[in-house]
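Notes for the one structure printed next.
Just so it is clear, none of the values below were taken in a lab; they were calculated from the coordinates. No experiment lies behind these values; they were computed from the predicted model shown. Cβ placement follows ideal geometry from the backbone for every residue including glycine, while neighbour counts extend to all protein chains displayed.
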Amino acid sequence: METTIEIGNDILTFSADEIRQTDHEIRLVGAHVTVGLPQPPRRYLRHGWQSWSLAAWTDPTPLPAQRPRLLQPMQTDPVYVHDEGPHGSWVGAVEFEDGKVLLLGALRLETHVRLNGTRLEGWSEAGSVEWLVAYGEESALFARYADLLGDIFGRVEKKPAPRIWCSWYSLYTAIDEPTLGRIFDGLGDLPFDVLQVDDGWQVSVGDWEANAKFPAGMKALAERIKSTGRQAGLWLAPLIAVKSSKLFREHPDWFLKDAEGRFVSAGFNWGEPLFALDTTHPAALDWLAALMKQVRAWGFDYLKLDFLYAGGLPGKRHMDTPREAAYRNGIKVMREAMGADAFFLTCGAPILPSLGLCDAMRVGPDVAGEWESHRDAVLLYNPTTPGTKNAIRTSLHRLWLKPLVQTDPDVAYFAARGNSLNPEQKWMLQDLALVCDFRATSDLPQWLTGEERESLRDFLGDQPKPRQIGRTQFQLGPRAVDFASAVSMPEPPRGLESMQGALTGWLGSQGWALNLLNKLSQRALEKMKKDL
Ligand code: 9PG
């Protein structure tokens, strides 16, 4: 059916199987719904699929597809990356000249929103669903949408926000038993609640056993952390495996294939192609549950489960379950196995399908010691690669999730050493952590000056009850902070730059080129580690 509805001075046209209007909002039902807008919008809110995917207000025009192609399955929803109109997962919004916003948001998984000229289109990959349409002031609309999502997906009882030291953003994969031991000692009485061991402890991605750099084993590592009076945290990427892993070689039938029977690419990392576990396969689910129990038995109570998008990639599954439902089932099995008392952080995770099952969610791409790289931002037009501006931009546009889940904006930096961020950029990251009420750092105690160590201590103790006062402005106690300088999108490459971009994109899809970059940074890390 089609209907026009007058809202204020505007006339909107709706098409759906069913249209219902209450005082302040409209509900649509259908597998395909449209909202005809009263005038062309000036901006569109793109809401990317998983933690790292772009969420931002952008011009209402198509943007270049981000490169390189090889990484698209691990950075975006690969099904829609070449979509013509500006696209988003589950929800989209437009802003008009007067600043008013119209939101179209699905109340079920497997759904998408796209702007097509002066029409917002919503569709579902899995049959008829209900949609919310709301019009007015942005933060009120998103608060309403979040409230409805809470009714549908459930609300996890909020655990106190832990303060985390995480090994990734200083040591990366160069962690080992003695180095971590020296760092744990160096942290002294800094008020961290969790010391979280990131990527680098495992035999391989897929084979979750301690490698040769951790000869005393994982139980001893957890005990070492707990002996400092803190909780032990561990990173794993349980829904992917590298091609060379024992898991993939021994159980190829547990992995997702396409309709032609080829393994579905989950991206490329650690010098190898990645494949995705099929979370509808009963044996794979048993293995996931056993892995979670094992990690708890080692003594880890804070779990950062990463690269989770793999559970929701398109493919032909063991059971004919829609892809986000399949993902959610995998997460549910892991949550049940780890127990409700574990602290569960999802990362690289499809946003809506994780709600109600995790305690915290990474809501943006990785930070990095660099604000923005010309290669990634302009040449590759890639807003999801590690970079501090990318991380702030997307995290800021996902704060509406705060009533539903703890929002992790990634770590903040305090040391001048080891990064090229200026003081304002570092403060911006620290302030974002306070806005999110989620504090973490990877700074090495050996690198902190006395003054930097004190500012880290103050940060960990600070709880300023943030209040939003504008799209990018917040009141943090007596201070007003503004994140405006992090939200702009770069100009798409033109002329010579677009040729350079095509070449860089091609290189970025070559395994050998990625491996070369990886080897160089690995070597620099090993050198750096020598003077810790
Ligand atoms: C460990 C890391 C850290 C980090 C995670 C994740 O799209 N990318 O190119 C991309 C690269 C790295 C990455 C995420 C995305 O990092 O977010 O905190 O745990 O894995 O390998």
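Segment A484..Q463, full-extension length gain: 5.3 nm, with 0.36 nm per residue of separation and the alpha-carbon distance subtracted.
In this calculation the C-beta distance from R375 to A259 is compared with R0 = 51 Å, giving a FRET efficiency of 0.90. According to the Cα-based calculation, Rg over Rh for the chain is 0.95, with Rh computed by the Kirkwood formula.
Close amide-amide hydrogen proximity is noted between V205 and V242, each under 5 Å apart and 5 or more residues distant or on a separate chain (H modeled in the peptide plane; Pro and chain starts excluded). Phi angles across the stretch 491-500 convert, under the Karplus curve 6.51 cos²θ - 1.76 cosθ + 1.60 with θ = phi - 60°, into 3J(HN,Hα) values of 5, x, x, 10, x, 4, 4, 6, 5, 4 Hz, Gly and Pro given as x.
Here the dipole of the chain is about 1120 debye; that uses its Cα centre as origin and unit charges on the Cβ of Lys and Arg (positive) and Asp and Glu (negative). Phi angles of the stretch 227-242 translate, via the Karplus equation with coefficients 6.51, -1.76, 1.60 and θ = phi - 60°, into HN-Hα couplings of 5, 8, x, 10, 7, 8, x, 9, 9, 8, 10, x, 9, 10, 8, 7 Hz per residue; Gly and Pro are given as x.
Peptides 187-198, 323-334 ranked from most to least packed give 323-334, 187-198, packing being the mean of other C-beta atoms within 10 angstrom over each peptide's residues. Taking each of K316/K402; K158/K465; K100/K158 in turn, the alpha-carbon distance tops 24 angstrom for K316/K402; K100/K158. Sorting 163-176, 229-242, 208-221 by their mean Cβ neighbour count within 10 Å, with the most densely packed peptide first, gives 229-242, 163-176, 208-221.
For the chain, averaging the sequence separation of C-alpha pairs within contact (under 8 Å, six or more residues apart) and dividing by the residue count gives a relative contact order of 15 percent. On alpha carbon coordinates alone, what is the Rg over Rh value for the stretch 202-328, Rh being the Kirkwood radius? We get a ratio of 1.01 for the stretch 202-328.
Averaging Cα coordinates gives a centre for the stretch 516-532 and one for the stretch 28-69; these two points are 39 Å apart. Between A210 and M218, the built amide H atoms are under 5 Å apart, and every one of these is 5 or more places off in sequence or on another chain. I need the shape label for the stretch 33-155. Rule: rounded when a/c is under 1.5, else prolate if a/b > b/c, else oblate, with a, b, c from the alpha carbon gyration tensor. Here the stretch 33-155 falls in the oblate category. Using the Karplus relation 6.51 cos²θ - 1.76 cosθ + 1.60 with θ = phi - 60°, the per-residue 3J(HN,Hα) values for the stretch 454-470 come to 5, 5, 5, 4, 4, 4, 5, x, 7, 9, x, 6, x, 9, 7, 10, x Hz, with x marking Gly and Pro. Straightening the chain between E491 and L476 buys 2.2 nm, computed as 0.36 nm per residue apart minus the Cα-Cα spacing. For V129, the residues whose amide H sits under 5 Å from its own are G30, A31, ignoring neighbours fewer than 5 places away on the same chain, with H placed 1.01 Å from N.
The stretch 422-476 and the stretch 202-226 have Cα centres separated by 31 Å.
Between A31 and E137, the modelled labels are 4.0 nm apart [label points 7 Å from Cα along Cα→Cβ]. With the simple model of a label 7 Å out from the Cα in the direction of the Cβ, A283 to K246 spans 1.6 nm.
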